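Colleague: Below is a structure I'd like to ask you about.
The values are calculated or read from the model by the stated rules, or taken from the named source; none is laboratory data. None of the values given here were measured: they were computed from a predicted structure. All Cβ positions, even for glycine, are placed from backbone atoms using ideal geometry, and neighbour counts span all protein chains on display. Surface accessibility is based on the protein's heavy atoms, side chains included, excluding ligands, DNA and RNA. Shrake-Rupley method; radii C 1.70, N 1.55, O 1.52, S 1.80 Å.
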Amino acid sequence: GQEGERKALVALRDGEVARAVAAYDAHDRIVVGAKASAAREALVERWWSVHNEATTAILAVTRTDVAALNFLVRQRRQEAGELGEEIRLGSGKTFAVGDRIMFEKNARANVADGGQGSGPRTVAIRNGTFATVVAVPDQPQKSPSTREGDVHQSQGDVAVARRHGALVVELASGQHVTLSDRYLEDSTSLGYALTVFRSQGVTVDHSFLLADDTLFQEAGYTALSRGRLSNHLFAVAPYNPRAEIAHGEEDVARRDALAGLVDALSHSHEQVMALETLPTSTFVADAPPPSEWLDGQPT
């Protein structure tokens, strides 16, 4: 429960890592996948079970894992019919009505006037905050009834901005604004999964952390303090050269995975990760995933 998690987080903060991991495990907060792809898929399924009723955050240390998780989540939502019409940008980025996106640069955006003739007004959009796509260019859409992250989506028709090429999104405030193709290309990404670095200051009901071999002490503490109600870890069992784990060895694999978690969460990275200094344009968050994301090979 929440009290057990609170005590586990205190133990983690105080450096009692083995005790913390045992507590998370005892409260059914740790899932172990036989390989990386299985851990990612288990995370997405657990997220799926609550995403319509609660605020959520999917977290990973590296942008590569974030991109893989964003792809899987978006695929899951598409298969369930939760996403509407979409646009594909020149870079390959794709956004659909219903998608949750994250802003990666401060800017001002035009308020969508809904055809009321009130004239252009602008509102600030902030780096690290989220919005939901409510209409794509020239294709008016009804807002989905789902709720992603901290964004509450409204009902009813949404007027598309008159300016060609503008995407309409709903901010957490409920305001509808238009985003240019340039801003979409350079300064946005899908917002289902995000790096632990980006999650600082975010508070949600449930968090889901991919706890692979990139995890370390500070990232673990930050990620496991994002969820008010629960925080889940999805670990990967140590590499086994056999195609399948023999019957009776599942407990050994789980024990080894938990030991790996203890080791990772005991390792401190005081320096800023070099990965986080790379330009965001290096990654296309919703491009088709490299084959290694699907077959579970190390990334």
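Colleague: Which residue, of 211, 219, is crowded, with 19+ Cβ neighbours inside 10 Å, within 14 Å of the chain's Cα centre (by Cα), in contact (Cβ under 8 Å) with a residue 40 or more places away in the chain and within 15 Å of residue 265 (Cβ to Cβ)?
Modeller: So the residue among 211, 219 that is crowded, with 19+ Cβ neighbours inside 10 Å, within 14 Å of the chain's Cα centre (by Cα), in contact (Cβ under 8 Å) with a residue 40 or more places away in the chain and within 15 Å of residue 265 (Cβ to Cβ) is 211.
Colleague: I've got another one for you. I'm trying to understand the selection: among the residues of the range 222-238, which are within 24 Å of residue 256 (Cβ to Cβ) and touching a residue at least 40 places away in the same chain (Cβ under 8 Å)?
Modeller: Within the range 222-238, 223, 224, 231, 232, 233, 234, 235, 236, 237 qualify.
Colleague: Residues in the range 10-41 that are open to solvent by less than 30 Å² (accessible area, probe 1.4 Å) and either out of contact with any helix residue (DSSP H, G or I) (no Cβ under 9 Å at 6 or more places or on another chain) or farther than 17 Å from residue 69 by Cβ (or both): how many?
Modeller: 9
Colleague: Which one of 60, 96, 112 is in contact with a Leu (Cβ under 6 Å, 6 or more places away or on another chain), closer than 17 Å to residue 136 by Cα and buried (at least 16 other Cβ atoms within 10 Å of the Cβ)?
Modeller: Just one listed residue meets the conditions, 96.
Colleague: Pairs please, first residue from the range 174-202 and β-branched (Val, Ile, Thr), second anywhere and in a loop (DSSP other than H, G, I, E, B) and open to solvent by 10 Å² or more (accessible area, probe 1.4 Å), Cβ atoms under 7 Å, 6+ apart in sequence or on different chains.
Modeller: Filtered contacts from the range 174-202: 177/112; 178/112; 178/161; 178/163; 188/104; 202/226.
Colleague: Kindly indicate the residue of the range 69-92 that is basic (Lys, Arg) and surrounded by 19 or more Cβ atoms within 10 Å (Cβ to Cβ) and also nearest to the chain's Cα centre (by Cα) among those meeting that condition.
Modeller: 74
Colleague: Please enumerate the residues belonging to the range 173-208 that are surrounded by fewer than 21 Cβ atoms within 10 Å (Cβ to Cβ), of a type in the set (Ser, Thr, Tyr) and within 17 Å of residue 94 (Cβ to Cβ).
Modeller: 180, 183, 187
Colleague: Taking residue 285, is it at pLDDT 55 or above and open to solvent by less than 40 Å² (accessible area, probe 1.4 Å)?
Modeller: The answer is no for residue 285.
Colleague: Let me ask something additional. So residue 94 fits all but one of (1) closer than 25 Å to residue 196 by Cα; (2) at pLDDT 95 or above; what number is the exception?
Modeller: Looking at each condition in turn, residue 94 falls short on (2).
Colleague: From (1) touching a residue at least 60 places away in the same chain (Cβ under 8 Å); (2) in contact with a Lys or Arg (Cβ under 7 Å, 6 or more places away or on another chain); (3) open to solvent by 50 Å² or more (accessible area, probe 1.4 Å), pick out the condition that doesn't hold for residue 105.
Modeller: Unmet condition: (2).
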